[in-house]
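The structure appears below as structure tokens.
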Amino acid sequence: MKKILILNGPNLNLLGVREPGIYGTCSFDDYLPVLRSRFPEVELHYYQSNVEGELINKMQEVGFTFDGIVLNAGAYTHTSVALLDCIRSLRCPVVEVHISNVHQREEFRHHSMISAGCKGVVCGFGLKGYELAIEGVSNS
Ligand code: DQA
């Protein structure tokens, strides 16, 4: 059975409450069972942290044994060389996900520090993007 980690960064614990016009009204805790039922053949692990170093620790922990990581790094996407370096150090592929279409938003969201290290990027499809990313990473 393939093992994939879904890793959410800062403020994504507030999904469902946070700016619902942009991120929707569904919490990730409510979405996770839906996701698990779509991929019964995949062992889906989930972790969220608001702390950059904890995201790095988690990626280092699973990145040499799991089959892939689906990463929504939140705002660290736009700032973190440390996340990019970590992604580049791992053995498993990482797919970058954004719920919103970051290219339709403020200019500071147009650049990703981490894309260069990722297998692919999914953005703008709401929570459905996590499904697309799991498909992408499990077929890579
Ligand atoms: C986000 C987009 C980022 O710019 C933002 O900082 C987030 C969420 C998204 O999922 O659309 O926290 O990654």
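The values are calculated or read from the model by the stated rules, or taken from the named source; none is laboratory data. Predicted, not measured: the structure shown is a model, and the values here were computed from it. Reconstructed Cβ throughout: ideal geometry from the backbone, glycine too, with neighbour counts over all protein chains shown. What goes into the accessible areas is simple: the full protein's heavy atoms, side chains included, and nothing from ligands, DNA or RNA. Shrake-Rupley method; radii C 1.70, N 1.55, O 1.52, S 1.80 Å.
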Scalar couplings 3J(HN,Hα) for the stretch 15-24 by Karplus 6.51 cos²θ - 1.76 cosθ + 1.60 (θ = phi - 60°), nearest whole Hz, x for Gly and Pro, are 4, x, 10, 6, 5, x, x, 9, 9, x
At 1.4 Å probe size, with every protein chain present, just tell me what the per residue accessible area of the stretch 2-139 comes to in Å². 48 Å²
For a quick check: with amide H placed at 1.01 Å from N, whose amide H comes under 5 Å from L15's, ignoring anything fewer than 5 positions away on the same chain? F28
When all protein chains stay in place, what accessible area (Å², nearest 10, 1.4 Å probe) is found for L90? 20 Å²
Quick one: Karplus J couplings for the stretch 63-74, per residue in order, coefficients 6.51, -1.76, 1.60, θ = phi - 60°, nearest Hz, x for Gly and Pro? x, 10, 10, 7, 8, x, 10, 9, 10, 10, 7, x
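Rounded to the nearest 20 debye, what is the charge dipole size of the chain about its Cα centre when +1 sits on each Lys and Arg Cβ and -1 on each Asp and Glu Cβ?
200 debye
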Compute the convex hull volume of the Cα atoms of the stretch 2-139, divide it by the residue count, and report the result per residue in Å³ as a whole number. 91 Å³
Ranking M1, M113, M59 from most to least accessible area with a 1.4 Å probe gives M1, M113, M59
Once amide hydrogens are built 1.01 Å from N within the peptide plane, the residues lying 5 or more places from C123 or on another chain with amide H under 5 Å from its amide H are H98
Ignoring everything except DSSP H segments at least 4 long, calculate the 222 nm mean residue ellipticity for the chain; use -39,500 (n - 2.57) per segment, divide by total residues, nearest 500. -9500 deg cm²/dmol
For the chain, what's the relative contact order in percent, using C-alpha pairs closer than 8 Å and at least 6 residues apart? 26 percent
Could you report the accessible area of F64 in Å², rounded to 10, computed with a 1.4 Å probe on the protein chains as they sit in the structure? 100 Å²
For K128 the rounded accessible area (nearest 10 Å², probe 1.4 Å, non-protein molecules ignored) is 100 Å²
Apply the Karplus parameterisation 6.51 cos²θ - 1.76 cosθ + 1.60, with θ equal to phi minus 60°, to every residue of the stretch 41-58 and state each ³J(HN,Hα) to the nearest whole Hz, in sequence, with x for glycine and proline. 8, 10, 8, 8, 9, 9, 8, 10, 8, 8, 10, 3, x, 5, 5, 5, 4, 5
Sequence-distant residues sharing a close amide H with I6 (under 5 Å, placed H): H45, Y46, Y47, V70
Which values of log₁₀ I(q)/I(0), to two decimal places, follow from the Debye formula for the stretch 27-85 at q = 0.14, 0.23, 0.26 Å⁻¹ with a uniform point scatterer at every Cα? -0.46, -1.06, -1.19
